[in-house]
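Comments concern the structure below.
The values are calculated or read from the model by the stated rules, or taken from the named source; none is laboratory data. Fair warning: this is a prediction, and the values are worked out from it, not measured in the lab. Positions of Cβ are generated from backbone atoms using ideal geometry, with glycine treated the same way; all protein chains shown enter the neighbour counts. Side chains are part of the model used for accessible areas, which takes the heavy atoms of the whole protein and leaves out ligands, DNA and RNA. Shrake-Rupley method; radii C 1.70, N 1.55, O 1.52, S 1.80 Å.
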Amino acid sequence: MRAITLLASIALVGCRADGSDLTPGSPYAIEVHQFTPGTGAGFGQEHMPDIVLGAPRGFGASMGSTDVLSLGLGGRIVLALGAPVTDGEGDDLIVFENAFYIGGVMAAPFIEPGIVGVSSDGVNFTEWPCDPSTSPHTGCAGVTPVIANGSVDLSDTQAAGGDRFDLADLGIAEANYVRIRDANVVTGMRANPPTAGFDLDAIVALHHR
Ligand SMILES: [Ca+2]
Ligand SMILES: [Ca+2]
(Lines give C-alpha, C1' and ligand atoms only; values in the text may rest on other atoms or scores of the structure.)
(Ligands and ions follow the chains in the order given, each with its own letter.)
Protein backbone atom coordinates (compact mmCIF):
# COMPACT_ATOMS: atom_id res chain seq x y z
CA MET A 1 0.00 0.00 0.00
CA ARG A 2 1.22 3.45 -0.79
CA ALA A 3 1.68 5.39 2.40
CA ILE A 4 0.09 8.49 1.03
CA THR A 5 -2.72 10.30 2.70
CA LEU A 6 -4.30 13.03 0.69
CA LEU A 7 -6.06 15.59 2.79
CA ALA A 8 -8.44 17.40 0.53
CA SER A 9 -10.66 19.59 2.64
CA ILE A 10 -12.21 21.13 -0.39
CA ALA A 11 -15.82 22.15 -0.26
CA LEU A 12 -17.36 22.94 -3.60
CA VAL A 13 -20.12 25.47 -3.74
CA GLY A 14 -23.09 25.43 -6.07
CA CYS A 15 -24.96 23.11 -8.39
CA ARG A 16 -23.42 20.73 -10.90
CA ALA A 17 -24.55 19.89 -14.40
CA ASP A 18 -26.36 16.83 -13.04
CA GLY A 19 -28.49 19.06 -10.82
CA SER A 20 -27.04 17.81 -7.55
CA ASP A 21 -26.59 20.46 -4.92
CA LEU A 22 -23.14 20.68 -3.30
CA THR A 23 -24.01 23.37 -0.79
CA PRO A 24 -24.58 22.71 2.94
CA GLY A 25 -27.99 21.07 3.33
CA SER A 26 -27.45 18.81 0.30
CA PRO A 27 -28.26 15.10 0.80
CA TYR A 28 -25.04 14.16 -1.06
CA ALA A 29 -21.39 14.17 -0.04
CA ILE A 30 -20.01 17.69 -0.51
CA GLU A 31 -16.42 17.31 0.69
CA VAL A 32 -13.61 14.74 0.70
CA HIS A 33 -12.32 14.78 4.25
CA GLN A 34 -9.55 12.21 3.78
CA PHE A 35 -8.39 9.76 1.11
CA THR A 36 -5.79 7.04 1.62
CA PRO A 37 -5.25 5.15 -1.65
CA GLY A 38 -4.59 1.42 -1.46
CA THR A 39 -2.54 -0.81 -3.76
CA GLY A 40 -3.51 -0.39 -7.41
CA ALA A 41 -5.49 2.83 -6.94
CA GLY A 42 -5.18 5.71 -9.41
CA PHE A 43 -8.34 5.70 -11.51
CA GLY A 44 -10.40 8.85 -11.01
CA GLN A 45 -7.82 10.67 -8.89
CA GLU A 46 -7.30 13.41 -11.47
CA HIS A 47 -10.98 14.31 -11.05
CA MET A 48 -10.90 14.53 -7.26
CA PRO A 49 -12.84 15.65 -5.36
CA ASP A 50 -15.75 16.22 -7.76
CA ILE A 51 -15.89 12.60 -8.95
CA VAL A 52 -17.19 11.31 -5.58
CA LEU A 53 -19.34 14.34 -4.68
CA GLY A 54 -22.94 14.99 -5.62
CA ALA A 55 -25.27 12.57 -7.38
CA PRO A 56 -24.44 9.10 -8.78
CA ARG A 57 -23.75 8.42 -12.45
CA GLY A 58 -25.03 4.86 -12.72
CA PHE A 59 -25.06 2.93 -16.00
CA GLY A 60 -27.65 0.30 -15.04
CA ALA A 61 -27.47 -3.37 -14.15
CA SER A 62 -25.15 -4.59 -16.91
CA MET A 63 -22.50 -1.84 -16.99
CA GLY A 64 -20.45 -0.17 -14.27
CA SER A 65 -20.05 3.60 -14.14
CA THR A 66 -16.64 5.09 -14.96
CA ASP A 67 -17.50 8.25 -12.97
CA VAL A 68 -15.81 6.69 -9.95
CA LEU A 69 -12.72 6.83 -7.74
CA SER A 70 -10.89 3.51 -7.31
CA LEU A 71 -9.82 3.13 -3.68
CA GLY A 72 -7.21 0.44 -4.38
CA LEU A 73 -6.84 -2.70 -2.28
CA GLY A 74 -7.09 -1.66 1.37
CA GLY A 75 -7.75 1.98 0.44
CA ARG A 76 -10.16 4.18 2.36
CA ILE A 77 -12.01 7.44 1.96
CA VAL A 78 -13.91 9.70 4.34
CA LEU A 79 -16.56 12.08 3.02
CA ALA A 80 -18.54 14.84 4.68
CA LEU A 81 -22.24 14.97 3.92
CA GLY A 82 -24.00 18.20 3.05
CA ALA A 83 -26.32 17.60 6.00
CA PRO A 84 -26.08 15.08 8.86
CA VAL A 85 -27.73 11.77 7.98
CA THR A 86 -30.41 10.92 10.53
CA ASP A 87 -32.15 7.70 11.57
CA GLY A 88 -35.53 7.91 9.87
CA GLU A 89 -37.90 5.09 9.03
CA GLY A 90 -36.06 2.28 7.24
CA ASP A 91 -32.81 2.83 5.35
CA ASP A 92 -31.02 6.14 5.74
CA LEU A 93 -28.01 6.05 3.42
CA ILE A 94 -27.22 4.70 -0.05
CA VAL A 95 -23.63 4.08 -1.21
CA PHE A 96 -23.17 3.89 -4.98
CA GLU A 97 -20.28 1.86 -6.44
CA ASN A 98 -20.14 0.35 -9.94
CA ALA A 99 -21.11 -3.28 -9.43
CA PHE A 100 -22.71 -4.83 -12.50
CA TYR A 101 -24.00 -8.13 -13.82
CA ILE A 102 -21.61 -9.52 -16.43
CA GLY A 103 -23.42 -9.74 -19.75
CA GLY A 104 -26.63 -8.85 -17.97
CA VAL A 105 -26.70 -12.32 -16.41
CA MET A 106 -27.99 -11.86 -12.89
CA ALA A 107 -26.11 -14.94 -11.70
CA ALA A 108 -22.66 -13.47 -12.44
CA PRO A 109 -22.22 -10.18 -10.63
CA PHE A 110 -18.88 -8.36 -10.62
CA ILE A 111 -18.62 -7.15 -7.05
CA GLU A 112 -15.89 -5.24 -5.20
CA PRO A 113 -17.08 -4.98 -1.61
CA GLY A 114 -16.37 -2.15 0.81
CA ILE A 115 -17.06 -1.70 4.51
CA VAL A 116 -19.15 1.37 5.36
CA GLY A 117 -18.94 3.31 8.61
CA VAL A 118 -20.29 6.59 9.97
CA SER A 119 -18.95 9.15 12.41
CA SER A 120 -19.93 12.39 14.09
CA ASP A 121 -16.35 13.71 14.30
CA GLY A 122 -14.62 12.25 11.23
CA VAL A 123 -12.20 10.32 13.47
CA ASN A 124 -14.13 7.63 15.35
CA PHE A 125 -16.26 5.43 13.10
CA THR A 126 -18.89 2.76 13.70
CA GLU A 127 -19.15 0.24 10.85
CA TRP A 128 -21.97 -1.91 9.59
CA PRO A 129 -20.96 -5.58 9.75
CA CYS A 130 -19.93 -6.73 6.25
CA ASP A 131 -18.96 -10.15 4.97
CA PRO A 132 -16.62 -9.43 2.03
CA SER A 133 -15.63 -13.06 1.51
CA THR A 134 -18.95 -14.72 0.78
CA SER A 135 -21.70 -13.87 -1.71
CA PRO A 136 -24.11 -12.09 -1.33
CA HIS A 137 -21.69 -9.96 0.74
CA THR A 138 -24.39 -9.00 3.23
CA GLY A 139 -23.84 -5.63 4.86
CA CYS A 140 -21.20 -4.45 2.37
CA ALA A 141 -21.34 -1.66 -0.21
CA GLY A 142 -20.24 -2.29 -3.79
CA VAL A 143 -22.76 -5.10 -4.27
CA THR A 144 -25.85 -3.71 -6.02
CA PRO A 145 -25.76 -2.05 -9.47
CA VAL A 146 -26.52 1.67 -9.73
CA ILE A 147 -29.53 2.78 -11.77
CA ALA A 148 -29.76 6.47 -10.85
CA ASN A 149 -27.84 8.79 -13.18
CA GLY A 150 -28.14 12.29 -11.82
CA SER A 151 -30.17 13.45 -8.86
CA VAL A 152 -31.76 10.62 -6.89
CA ASP A 153 -35.57 10.68 -6.73
CA LEU A 154 -36.00 10.71 -2.96
CA SER A 155 -39.65 9.71 -3.35
CA ASP A 156 -38.66 6.42 -5.04
CA THR A 157 -35.25 5.53 -3.69
CA GLN A 158 -35.53 1.79 -4.43
CA ALA A 159 -35.28 2.72 -8.12
CA ALA A 160 -31.85 4.29 -7.57
CA GLY A 161 -29.98 1.03 -6.99
CA GLY A 162 -26.86 1.02 -4.81
CA ASP A 163 -26.42 -0.43 -1.34
CA ARG A 164 -28.61 0.74 1.52
CA PHE A 165 -27.79 1.21 5.19
CA ASP A 166 -29.95 1.88 8.27
CA LEU A 167 -28.50 3.84 11.19
CA ALA A 168 -30.88 1.97 13.51
CA ASP A 169 -28.79 -1.18 12.93
CA LEU A 170 -25.89 0.65 14.62
CA GLY A 171 -27.97 2.36 17.30
CA ILE A 172 -26.83 5.75 15.96
CA ALA A 173 -29.21 8.71 15.66
CA GLU A 174 -27.21 10.84 13.22
CA ALA A 175 -23.77 11.21 11.63
CA ASN A 176 -21.81 13.79 9.65
CA TYR A 177 -19.18 11.63 7.96
CA VAL A 178 -19.18 8.40 5.94
CA ARG A 179 -16.09 6.20 5.56
CA ILE A 180 -15.62 3.40 3.05
CA ARG A 181 -12.80 0.87 3.41
CA ASP A 182 -11.95 -1.41 0.53
CA ALA A 183 -12.53 -5.00 1.64
CA ASN A 184 -11.63 -7.08 -1.40
CA VAL A 185 -10.37 -10.52 -0.45
CA VAL A 186 -10.79 -12.09 -3.90
CA THR A 187 -8.31 -10.44 -6.27
CA GLY A 188 -7.80 -11.27 -9.97
CA MET A 189 -9.44 -8.46 -11.99
CA ARG A 190 -10.27 -6.73 -8.73
CA ALA A 191 -6.55 -6.10 -8.11
CA ASN A 192 -5.67 -4.69 -11.55
CA PRO A 193 -4.24 -1.14 -11.38
CA PRO A 194 -5.31 1.59 -11.71
CA THR A 195 -8.86 0.38 -10.98
CA ALA A 196 -8.13 -1.99 -8.08
CA GLY A 197 -10.63 -2.38 -5.32
CA PHE A 198 -13.81 -0.54 -4.45
CA ASP A 199 -14.89 2.13 -6.94
CA LEU A 200 -16.85 4.95 -5.31
CA ASP A 201 -19.43 6.85 -7.36
CA ALA A 202 -21.53 8.75 -4.80
CA ILE A 203 -23.39 8.74 -1.47
CA VAL A 204 -26.85 10.06 -0.65
CA ALA A 205 -28.58 10.52 2.71
CA LEU A 206 -32.23 9.45 2.47
CA HIS A 207 -32.99 11.05 5.82
CA HIS A 208 -31.09 14.11 6.92
CA ARG A 209 -31.37 17.23 8.99
CA1 LIG B 1 -33.33 4.30 9.75
CA1 LIG C 1 -12.25 -1.54 -9.03
> Which one is farthest from ligand 2 (Cβ to nearest atom) among residues in segment 166-190 that are surrounded by fewer than 17 Cβ atoms within 10 Å (Cβ to Cβ) and at pLDDT below 95?
Replying inline: V185
>> Suppose we filter segment 64-94 for residues that are assigned to a strand (DSSP E or B), within 16 Å of ligand 2 (Cβ to nearest atom) and not basic (K, R); how many remain?
In response: 4
>> Being surrounded by fewer than 17 Cβ atoms within 10 Å (Cβ to Cβ) and closer than 21 Å to Y28 by Cβ: is that true of S155 here?
In response: yes
> From T86, T36, which residue is among the β-branched types (V, I, T), open to solvent by 10 Å² or more (accessible area, probe 1.4 Å) and within 16 Å of ligand 1 (Cβ to nearest atom)?
Replying inline: T86
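Looking at G60, G54, can you tell me which residue is in a loop (DSSP other than H, G, I, E, B), open to solvent by less than 30 Å² (accessible area, probe 1.4 Å), more than 20 Å from V118 (Cβ to Cβ) and not aliphatic (A, V, I, L, M)?
Details: G54 fails: more than 20 Å from V118 (Cβ to Cβ).
Criteria check complete, one pass: G60.
May I ask you to list the residues in segment 139-182 that are of a type in the set (V, I, T) and more than 13 Å from the chain's Cα centre (by Cα)? Steps first, answer last, please.
Residues of segment 139-182 that are of a type in the set (V, I, T), as a first pass: 143-144, 146-147, 152, 157, 172, 178, 180.
The answer is I147, V152, T157, I172.
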> Does A80 qualify as being aliphatic (A, V, I, L, M), away from ligand 1 (no atom under 16 Å from the Cβ) and modelled with pLDDT under 95?
Replying inline: no
> Can you name the residue in segment 99-122 that is modelled with pLDDT of 95 or more and open to solvent by 20 Å² or more (accessible area, probe 1.4 Å) and is also nearest to the chain's Cα centre (by Cα) among such residues?
Replying inline: I115
